[in-house]
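*Asks:* Please see the structure below; I have some questions.
Nothing in this text is a laboratory measurement; each read-out follows from the coordinates by a stated rule. Keep in mind that this is a model prediction, so the values were computed, not measured. Reconstructed Cβ throughout: ideal geometry from the backbone, glycine too, with neighbour counts over all protein chains shown.
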Amino acid sequence: MPLLVIEGLEARVGDKPILNGINLTVNRGEIHAVMGPNGSGKSTLAQVLAGNPAYEVTGGSVTYDGKDLLEMDPEVRAQSGIFLAFQYPVEIPGVSNAYFLRAAYNEIRKARGEEEIDPLEFADIMDEKLAMVDMNPDMLARSVNSGFSGGEKKRNEILQMAVLEPRLAILDETDSGLDIDALRIVADGVNKLRRPDNATIVVTHYQRLLNYIVPDYVHVLANGRILKSGGKDLALELEDKGYDWVTSGSPVGAGAGARAGA
Amino acid sequence: MTAFPMTDSAVESYVAAFDELSSSDSSPSWVQSMRRAAFERFAALGFPTTKNEDWHFTSTSPIADQEFVLLDAPSGDVRREELEPFTFGAPGWYTMVFVNGRFAAELSNLGKLPKGVKLRDLASAWTAAPEVVDRVGKLSSYDVHAFTALNAAFMHDGAVVQIANGVELDRPIHLLFVTDATAAKGMMHPRNLIMVGKHAKATVIESYVSTSDAMYLTNAVTEVSLADGATLQHYKMQREGARAFHVSTTEANQARDSHYVSFSFAIGASLARSNVYTTLDGEGGGATLNGLFMLDGQQHSDHQTQIVHAKPNCFSRELYKGILDDRSHGVFNGKVYVHPIAQKTDGKQTNKTLLLSDTAHIDTKPQLEIFADDVKCTHGATIGQIDQTALFYLKSRGINESLARRLLTYAFAADVLETIEVDDIRLSLERMTLERFV
């Protein structure tokens, strides 16, 4: 059974349709890159999969691990192993990163029927995870993302991912605004977390990130549809020829092609 | 029977109580004269109505419509362990406990007070320390404030705190006013006097709490004087019973280079009004007035502050935050007066409110009157709701809706809670904030 099956997914914000029939299948162990120009709907796809109530799903279905994902509240999705690394991580002044991470970790443990852990045990776990994303332990005492630089925010997203160990991670433009060193650290973190039983969807505008996180499949999104799918070479071709190369053509065969991993 | 010029039928029920008190009053004659003058003033003023600008958003009729019995004799039965929820887990503090308005020595902890620190109960101090209590009534203004006048007419007990010049207190003083079920339909008029000597430093916590849900009225007045260079951290914890009425007025007078730091925390009572007034009466002083109120159900809680910059080169900082749920109603009115001579005044006032429901209501009114021309005064008020983006962010990490909302509610209050310098209080209030809206 595939981990994720998206069929004919349509969604809008207010009156504006953004996703117009997305088909995508993701199996365990795979990395999929979703690329596309600005406004193509790639971030919306990420938000819809995480359950952001600001987006209204108007058609299609999403099956996650055999279950209807669209019926699940955002927190239930997270507890079931879905993780969205935000393009714009939210600042929450007043709530410490340590408290936030432990609360999230314990909520997910509770959902799995595991015991909650105390702050001391959690500190041990954190040491290892912080090292993975090369973060200073001082940031645990700081408020969630508050006053963090762009790079720190993105690393904090990957830190959360490392702590929560998702089965399906969705990285929404995690590379935007990162210098090459930060990009490498973030990508290393993602690669270390890769396992045969989990999957990753990398949403990005640029091919650059895919030098570090090498995808099994690349999909090109435009106007809320997947126009072209292929292997990792597709990203290089896009880099070379630009998005116009895909978007100016007709979306022939998009449906079938998008089921690359099926 | 005394005849007073009656203008208000609500005042009449207080006449009998005043006559009764007068007939058995053992306080010094100057106090008796002040009582009489204050009662006459109260009778003339009557309970404030919403036509009074200072009471525009708060109706006192739930209080005026009741006939309260004056609680002046010792009453009640409160056990030490019942006080535990209200002592912030800090048993070592110097503590004066008052039960239903009267000092309860057996529940108090006056331990070994450092040299230069005197704690007295007012009921004894009238006769035992007349030279100290002669300042009672000098720092508060019963001529304009009806509830202060009512307090002056009926005041009987309370705490008299004296910190001598140069003394830095090693731990807080806690004045814990507790009511129990026997306070039902009763009224209490606690009167406190806090005097901090030159360059002395102290922390005083005033708590108003209840072990029952009885309906009663607390009408407290606290007078504070800070001598040159003195610092007082003054916390007020209003955690009255759910059906209680609570009115309290703090009036502080600050000499040069003194610093008054007030934190007003209010979560209790059905109808509450808190007044914190301070006058910067010497150069180089500072006043910091912070507050946090959290309401739900049908609670009404009104907070009025007044900072008078009477001398040059003083600063004032004010941050009041309200969190309102259900059909509750909050009021904030922050007055800042800058006298013509008070040049180089530096004042900043902020009021922020978080509304957790569509039916909660806040009235906020900054009121700056500036008569000097070389000053820096700012004010700002915001009213908001839970940030949906932040809520989704927390939920996307597996945190359930209820905990996510509580965390964001806590986060809203975090900056004002961080100003609390007494760790035991800060931790306790942080927990109360997290648990308030479950």
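*Asks:* Can you find, among B:ASN275, B:VAL247, B:VAL438, the residue farthest towards the positive end of the dipole of chain B? Put +1 on the C-beta of Lys and Arg, -1 on that of Asp and Glu.
*Replies:* B:VAL438
*Asks:* What is the fewest-to-most order of A:TYR99, B:TYR320, A:TYR64, B:TYR208 by other Cβ atoms lying within 10 Å of their Cβ?
*Replies:* The order, fewest Cβ neighbours first, is A:TYR99, A:TYR64, B:TYR320, B:TYR208.
*Asks:* Averaging sequence separations of C-alpha pairs under 8 Å and six or more residues apart, then dividing by the length of chain A, give the relative contact order as a whole percent.
*Replies:* 28 percent
*Asks:* A further question follows. With 10 angstrom as the radius, rank B:TRP55, A:TRP245, B:TRP126 by how many other C-beta atoms surround their C-beta, starting from the fewest.
*Replies:* Fewest to most other Cβ atoms nearby, the residues stand as A:TRP245, B:TRP55, B:TRP126.
*Asks:* Tell me, Kirkwood radius of the range B:9-282 from alpha-carbon pair distances, in Å?
*Replies:* Result for the range B:9-282 stands at 18.7 Å.
*Asks:* While we're here: Taking every pair of alpha-carbon atoms in the range A:116-163, give the share separated by more than 12 Å as a whole percent.
*Replies:* Percentage above 12 Å: 62.
*Asks:* Does a label point 7 Å from the Cα of B:SER9, set along Cα-to-beta-carbon, have any residues of the range B:69-86 with amide nitrogen under 20 Å, and which are they?
*Replies:* Zone members listed by number: B:69.
*Asks:* With a cut-off of 16 Å, note down the residues of the range B:269-283 whose backbone N falls inside the zone around a label point 7 Å from the Cα of B:ASP346 toward its beta carbon.
*Replies:* What the label zone holds, given the 16 Å backbone N cut-off, is B:283.
*Asks:* Using the beta-carbon distance between A:LYS16 and B:GLU84 and R0 = 45 Å, what value does 1/(1 + (r/R0)^6) give for FRET efficiency, to the nearest 0.05?
*Replies:* Efficiency, rounded to the nearest 0.05: 0.20.
*Asks:* Right, next: Could you compute the net charge surrounding B:VAL133? Neighbours are other residues with a C-beta less than 14 Å from the C-beta of B:VAL133; K and R count +1, D and E count -1.
*Replies:* Cβ neighbours under 14 Å give a net charge of +1.
*Asks:* For A:LYS110, which aspartates and glutamates qualify as cross-link partners when the Cα separation must be under 18 Å and same-chain residues fewer than eight apart are set aside?
*Replies:* A:ASP73, A:GLU75, A:ASP118, A:GLU121, A:GLU165, B:GLU401
*Asks:* Are there any GluC sites (Glu not before Pro) in the range A:74-179 that are in a DSSP loop and have at most 12 other Cβ atoms within 10 Å? List them by number.
*Replies:* Sites meeting the loop and neighbour criteria: A:GLU114, A:GLU115.
*Asks:* Among B:LYS201, A:LYS110, which comes first, then next, by fewest other beta-carbon atoms within 10 Å?
*Replies:* Going from least to most buried by this count: A:LYS110, B:LYS201.
*Asks:* Which entries in the list B:LYS311/B:LYS376; A:LYS129/A:LYS154; A:LYS16/B:LYS395 go over 18 Å, if you measure between the two C-alpha atoms of each?
*Replies:* Beyond 18 Å: A:LYS16/B:LYS395.
*Asks:* Can I ask one more? Efficiency by 1/(1 + (r/R0)^6): what FRET value for B:SER59 and B:ILE383, r their Cβ-Cβ distance, R0 = 25 Å, to the nearest 0.05?
*Replies:* Rounded to the nearest 0.05, the efficiency is 0.70.
*Asks:* If amide H atoms are built 1.01 Å from N in the plane of the peptide, which residues on other chains or at least 5 residues away come under 5 Å of the amide H of B:CYS377?
*Replies:* B:GLY347
*Asks:* Take the alpha carbon gyration tensor of the range B:368-438, find the square roots of its eigenvalues, order them as a ≥ b ≥ c, and report rounded if a/c is under 1.5; if not, report prolate when a/b exceeds b/c, else oblate.
*Replies:* Oblate, because a/c is 1.5 or more while a/b does not exceed b/c.
*Asks:* Next question. Over chain A, how many percent of alpha carbon pairs lie in each 10 Å bin up to the one with the longest distance?
*Replies:* With 10 Å bins starting at 0, P(r) equals 7, 31, 36, 20, 5, 0.
*Asks:* In nm, to one decimal, how far is the modelled label at B:LYS115 from the one at B:GLU435, with both set 7 Å along Cα→Cβ?
*Replies:* It works out to 4.3 nm between the two label points.
*Asks:* Between B:ASP134 and B:ASP228, how high is the FRET efficiency from 1/(1 + (r/R0)^6) when r is the Cβ-Cβ distance and R₀ = 30 Å? Nearest 0.05.
*Replies:* E(calc), rounded to 0.05, equals 0.90.
*Asks:* Return the inverse of the average 1/r over all pairs of distinct C-alpha atoms in the protein assembly as shown, which is the Kirkwood hydrodynamic radius, in Å to one decimal.
*Replies:* Mean inverse Cα-Cα distance, inverted, gives 28.7 Å.
*Asks:* Continuing with this model, one more query. Points 7 angstrom from Cα along the Cβ direction at A:THR58 and A:ASP73: gap in nanometres?
*Replies:* 2.8 nm
*Asks:* Still on this model: Over the whole of B:415-422, what's the average partner chain Cβ count within 10 Å per residue? Rounded to a whole number, please.
*Replies:* Mean shielding count: 1.
*Asks:* With the crude spin-label approximation of a point 7 Å out along Cα→Cβ, what separation in nm comes out for A:ASP124 versus A:ARG208?
*Replies:* About 4.0 nm, to one decimal.
*Asks:* Which one, A:ASN145, A:VAL190, A:TYR217, is farthest towards the positive end of the dipole of chain A when Lys and Arg carry +1 and Asp and Glu -1 on their Cβ?
*Replies:* Positive-most Cα among the choices belongs to A:TYR217.
*Asks:* Can I ask one more? In the range A:3-142, with Lys and Arg counted as +1 and Asp and Glu as -1 at Cβ, which of these residues, A:VAL5, A:GLN87, A:GLY41, has the Cα nearest the positive end of the dipole, that is, farthest along it?
*Replies:* So the residue we want is A:GLY41.
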